[in-house]
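Data first, discussion second: the structure below is written as C-alpha cells.
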Amino acid sequence: MPTDSPYTLTVVAVLCVLYVAGGFVKGAASFGQPMVTVSLGALLLPVPSAIAVATIPAFASNIFQAWTSRQAVGELKTYRLFYLLLALGLVAGLNVFAALDQDTLQAVIGVFLAVFAVTQIAGFHPPLKPPPHQSVLALTGLVSGLAAGTTSFVGFPSLPVLIAYRVERAAFALITSVMFFITMSLISGGLFLLGLFGRGELLVGILCCLPSLLGQQIGVRLRNRLSVARLRLVINVVLAAVGISLVLRALEAGLV
C-alpha cells in the first residue's frame, strides 16, 4: 500500500479484530455491526474512511443474514413504502454528512449511538399493534434514512419500531438485512461520488469480510444458546460506552 496510506499493517490488523467483534454483534442481535465497526474504526481512521471500509463487510453480512432468513420473503411487500422513504432520507442525509467536519461527525455519531443504546436498554418501544401501519413505517423510514445518511447508522427509530410490532425473528432478520443492504449501497455510492471511497477502502473492506463473517457465525451460534435479551443488554451497554467516548473525544478535540 502507498506510504501515505492510513492503512498500515497495524491498523489493518486491528480492524480485522474489530470486524470479528462487529460480526459477532451482528450474528447475536441481527443488527449493530456498523455501530461497532464504524465507531471503533473512527478511532483509527478518518470517519469517512471508517464508514467506507464498513460498507463492504456489511454487504457480505447482510447477504448472509438474508439468505439464512429467506423463508420470510413474503413479509417484504409490507415494507415497500418504508424502503422507499428510507432511500429518500438517505440521499438527504448524505448532503448533511458532506457538510460536517471530522469532530462534528464524531460527536453526531457518538450522540446517536448513545441515544440508541440507552433507549434499547430502557426498553423503549412505541405501543404499536400489528400489522404495521404504512404511515408509521413511512415516517420511520424517512427518519431512519436521514440518520443513516448523516451517521451511517440506520438503527433508530427503525429497530425499536420493528421490535414494537413484535415482528417474528426470521422476518425481523430478513427485513433488517434488506434495510441495511439499501443503506450501505446508497452510502457507498454517495461516498464514491464525494471522492471518499477509494482503492484503499475497497481493499481493506474486502479483507475485513472474512473476519466479519467468522464473528457473525460465532454470534449466531451463541444466540441460539443464550438469552437474546441478555445478549442485547450487553451489546447495548458496550454501544453506549463507545458513543459516550466518541462524544468526549470530539469535545476534547474541539477544545484544543
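Coordinate-derived values only; no laboratory data. If you're wondering where the values come from, they're calculated on a predicted model, not measured in any experiment. All Cβ positions, even for glycine, are placed from backbone atoms using ideal geometry, and neighbour counts span all protein chains on display.
Span-like helix criteria (full DSSP H runs; alpha carbon extent of at least 20 Å along the helix axis; mean Kyte-Doolittle hydropathy of at least -0.5) are satisfied in the chain by 9-29, 47-68, 80-99, 102-121, 134-151, 169-193, 209-223, 228-255. Charging the Cβ of each Asp and Glu at -1 and of each Lys and Arg at +1, and nothing else, the dipole of the chain about its Cα centre rounds to 1020 debye. Shown is the FRET efficiency for Leu76 and Thr8, computed with R0 = 35 Å from the Cβ-Cβ distance and rounded to the nearest 0.05: 0.25. Hey, if you drop one equal point scatterer on each alpha-carbon of the stretch 143-182 and run the Debye formula without solvent, what base-10 log of I(q)/I(0) do you get at q = 0.14, 0.27, 0.30 Å⁻¹? Values, matching the q order: -0.29, -0.91, -1.03. The orientation-averaged shadow of the Cα convex hull for the stretch 1-73, equal to a quarter of the hull surface, comes to 5.3 nm².
Quick one: if the Förster radius is 41 Å, what FRET efficiency do Trp67 and Glu252 give, using the C-beta to C-beta distance and rounding to 0.05? That pair, Trp67 with Glu252, gives E of 0.45. Highest-first packing order for the peptide set 195-201, 111-117 is 111-117, 195-201, based on the mean count of other beta carbon atoms within 10 Å. Over the chain, dividing the summed -39,500 (n - 2.57) contributions of all DSSP H runs of at least 4 residues by the number of residues returns a 222 nm mean residue ellipticity of -25500 deg cm²/dmol. Working value for the stretch 9-255: equivalent-ellipsoid semi-axes of 25, 20, 18 Å, each the square root of 5 times a Cα gyration tensor eigenvalue, largest first.
The magnitude of the dipole of the stretch 1-132, with charges of +1 and -1 set on the Cβ of Lys/Arg and Asp/Glu and taken from the Cα centre, is near 620 debye.
The packing ranking, built from the mean of other Cβ atoms within 10 Å per residue, places the peptides 145-154, 87-96, 176-185 in the order 145-154, 176-185, 87-96, highest first. For Leu88 and Phe124, the FRET efficiency from 1/(1 + (r/R0)^6), where r spans their Cβ atoms and R0 equals 22 Å, is about 0.30. Counting every C-alpha pair in the stretch 158-218, the share spaced more than 16 angstrom apart comes to 63%.
How many percent of all Cα-Cα pairs in the stretch 108-193 sit more than 19 Å apart? When every Cα pair of the stretch 108-193 is considered, 40 percent fall beyond 19 Å.
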